[in-house]
Amino acid sequence: MYYTSKVLSSSNSTILDKIDSIYCNNPDYGYRYIYRQLKEDGLHVGRDRVLKYMGIMGIKAIYPCKKKTTSIKDSSHKIHSYLLDKY
């Protein structure tokens, strides 16, 4: 009736440890680079599993993001004075 979580096998825990060590050395790596690094190290694991394990561990790639512009100032627009300063 109730869900009981399964214990990770030794191969899965090895993959998790390896993903963690790769991420600690290169925090800018996403799941594709980590997948490629695992293949180079001789571990056979799919990209979807790497993405799943990174989600379980709460790992995300660190990369710069474009700054969001919320308002764009245009010189042709009239600037109104603050009306509450008069009172």
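The values are calculated or read from the model by the stated rules, or taken from the named source; none is laboratory data. Since this is a predicted model, take the numbers as computed values, not measurements. Quick reminder, even Gly has a Cβ in these numbers, built from the backbone with ideal geometry, and neighbours come from all protein chains shown. Each accessible area value is taken on the protein alone, full model and side chains, heavy atoms only, with ligands, DNA and RNA left out. Shrake-Rupley method; radii C 1.70, N 1.55, O 1.52, S 1.80 Å.
Couple of notes before you dig in:
- Residues that are assigned to a loop (DSSP other than H, G, I, E, B), open to solvent by 100 Å² or more (accessible area, probe 1.4 Å) and under 14 Å from Ile15 (Cβ atoms) within segment 33-87 comprise just one, His44.
For (1) farther than 22 Å from Pro64 by Cα; (2) of a type in the set (A, V, I, L, M); (3) modelled with pLDDT under 95, each residue gets a yes or a no:
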| position | (1), (2), (3) |
| --- | --- |
| Met1 | yes, yes, yes |
| Thr4 | yes, no, yes |
| Leu8 | yes, yes, yes |
| Ile15 | yes, yes, yes |
| Pro27 | no, no, yes |
| Gly30 | no, no, yes |
| Tyr35 | no, no, no |
| Gly42 | yes, no, yes |
| Val45 | yes, yes, yes |
